[in-house]
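For reference, the structure discussed in these notes is given below.
The values are calculated or read from the model by the stated rules, or taken from the named source; none is laboratory data. No experiment lies behind these values; they were computed from the predicted model shown. All Cβ positions, even for glycine, are placed from backbone atoms using ideal geometry, and neighbour counts span all protein chains on display. Heavy atoms of the whole protein, side chains included, go into the accessibility calculation; ligands, DNA and RNA do not. Shrake-Rupley method; radii C 1.70, N 1.55, O 1.52, S 1.80 Å.
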Amino acid sequence: MDGRGVPLSIVVTAANVNDGKRIDQVLSAIVVKRERTPMRRNKHLCADAGYRSAEALRIIDKHGYIAHVVDRRKEAAVKRRQPWKKARR
């Protein structure tokens, strides 16, 4: 999803497949392609702890994204301190 909540790609898998295993397919299926990132604007990907593996981070980097993977405990602690802030994933 983009920052406004609009889906950019959809990949259908079985219920017992971890979504972190399909990150390459999801990033490859994005419909809205950006030709080239402007000079000071990078592509960022916010995700949860399911994407912390070395393989997932390598795939995210291969697709040209800067990964922001937040641990669930850290996210929960920030939410307790600042309940008005939205989750970054």
Anything in segment 3-26 that is among the charged types (D, E, K, R) and touching a residue at least 12 places away in the same chain (Cβ under 8 Å)? List them, or say none.
Asp19, Asp24
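Here's the yes/no breakdown for (1) modelled with pLDDT of 85 or more; (2) open to solvent by 90 Å² or more (accessible area, probe 1.4 Å); (3) farther than 16 Å from Asp2 by Cβ; (4) assigned to a helix (DSSP H, G or I):
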{"position": "Val26", "(1), (2), (3), (4)": "no, no, no, yes"}
{"position": "Met39", "(1), (2), (3), (4)": "no, yes, yes, no"}
{"position": "Glu55", "(1), (2), (3), (4)": "yes, yes, yes, yes"}
{"position": "Lys74", "(1), (2), (3), (4)": "no, yes, yes, yes"}
{"position": "Arg80", "(1), (2), (3), (4)": "no, yes, yes, yes"}
Check Lys33 against each of (1) out of contact with any Gly (no Cβ under 8 Å at 6 or more places or on another chain); (2) modelled with pLDDT of 70 or more and name the one condition it does not meet.
(2)
